[in-house]
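The structure appears below as structure tokens.
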Amino acid sequence: MPSQPASDEVRSAPPLLAVVALGCERDERWLFEGLDLSLHAGEILQVEGPNGSGKTTLLKILSGQFHDYEGEVLWRGQPTSRVRDDFLGSLLYLGHQPGIKGTLTALENLAWYQALGGQPQAKVEARRELAWAALDAVGLAGFEDMPAQQLSAGQQRRIALARLHLTPRRLWVLDEPFTAIDRDGVQALEALLLAHAQRGGSVVMTTHHRFSQASRLRRLCLGAKEGEKAEQGSEQGSEQGVGGKDTASTQGASA
């Protein structure tokens with residue numbers, strides 16, 4: 001069975017990730033402010049909002065890449081600055097761009113990430129087999145030794161997504177993970193996200209993709225007007241509309 005939103009029993013435990021009174025101002029306007037949020041084991045949170053509402057900025061704050069904000073980000077109840085090693089060791093971030101090197105093959109790109117991620121030093125052949133298996137899981141069997149720059153945009157995205165199979169992390173923060181992949185890839189990625197949550201992992205993602213099992217998600221809507229409720233998507237999913245000064249009508253700023 002795919003994962004359900006966290007049960008009352010799970011919610012009674014401390015959340016994996018939480019933000020308290022989070023706010024971020026860019027170019028003399030607030031993207032969001034006063035944001036309180038908690039993410040428990042087994043939950044998938046979809047962040048929504050118009051262009052310029054702060055979706056990518058929020059993901060970069062949550063993943064420790066952007067530090068110019070108000071409020072606190074907590075990992076298992078502790079500020080991430082105090083438990084940085086534990087937090088980063090539990091995090092896998094995939095950005096809007098694939099984040100791969102075009103001159104390297106698909107297999108070499110994953111080998112580079114294996115080394116960068118500090119995976120336990122195993123025999124070279126064993127690590128290679130893990131990378132092969134990850135590429136096979138995303139439909140790239142037979143393309144292992146082809147330079148990434150010769151692959152399609154969808155195939156390059158699949159190289160990035162192979163990291164979800166390769167690198168075990170409790171928290172996935174994903175910026176538009178469904179970009180450029182075909183229908184089979186979309187179905188496989190949906191199943192992977194649900195399986196990760198079923199195993200006790202958590203996901204925060206931005207996407208314009210309409211998830212086929214929307215009831216399995218929680219939704220956070222950035223850029224909602226003050227007092228405006230987010231559209232209710234399911235009986236099981238919970239939603240929250242978050243707006244700050246001028247966030248409902250901002251244009252032209254990077255999300």
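Okay, here's what the table says:
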read-out: Inter-probe distance in nm under a simple model that places probes 7 Å from Cα toward Cβ, at HIS96 and LYS123; value: 4.4 nm
read-out: With every protein chain in place, segment 68-149: carbon and sulfur % of accessible area (1.4 Å); value: 51 percent
read-out: Net charge over other residues, Cβ less than 14 angstrom from the Cβ of ALA131 (K, R count +1; D, E count -1); value: -1
read-out: ³J(HN,Hα) computed for each position of segment 166-177 - Karplus, 6.51 cos²θ - 1.76 cosθ + 1.60, integer Hz, glycine/proline x; value: 8, 10, x, 9, 6, 10, 10, 10, 10, 9, 6, x
read-out: ³J(HN,Hα), Karplus 6.51/-1.76/1.60, whole Hz, each residue of segment 192-207, x for Gly, Pro; value: 5, 4, 5, 5, 4, 5, 4, 7, x, x, 9, 9, 10, 9, 9, 6
read-out: Cα-based convex hull, segment 157-225, per residue volume (Å³, whole number); value: 100 Å³
read-out: For segment 125-135, 3J(HN,Hα) per residue [Karplus equation, 6.51 cos²θ - 1.76 cosθ + 1.60, θ = phi - 60°, Hz, x = Gly/Pro]; value: 5, 5, 5, 5, 5, 5, 5, 4, 4, 5, 5
read-out: Distance in nm between pseudo-label sites at GLU70 and GLU144 (7 Å out along the Cβ direction from Cα); value: 5.3 nm
read-out: Inter-probe distance in nm under a simple model that places probes 7 Å from Cα toward Cβ, at ALA21 and GLN78; value: 2.3 nm
read-out: 15 Å tail of the calculated P(r), segment 23-72, as % of Cα pairs; value: 49 percent
read-out: Rounded accessible area per residue of segment 92-170, 1.4 Å, Å²; value: 52 Å²
read-out: Calculated on alpha-carbon atoms, Rg and Dmax of segment 150-197 in Å; value: 10.7, 34
read-out: Amide H contacts under 5 Å for LEU140, placed H, 5+ residues apart; value: none
read-out: Scaled radius of gyration (Cα, divided by 2.2 N^0.38 Å) that segment 36-140 gives; value: 1.31
read-out: Dimensions (Å) - segment 72-201, Cα atoms, principal axes, largest first; value: 44, 35, 25
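The values are calculated or read from the model by the stated rules, or taken from the named source; none is laboratory data. Keep in mind it's a predicted model, so treat the numbers as computed, not measured. Neighbour counts are summed over all protein chains in view; Cβ atoms, including those assigned to glycine, are modelled from backbone coordinates with ideal geometry. Just so you know, the surface numbers come from the protein's heavy atoms only, side chains and all, with ligands and any DNA or RNA stripped out. Shrake-Rupley method; radii C 1.70, N 1.55, O 1.52, S 1.80 Å.
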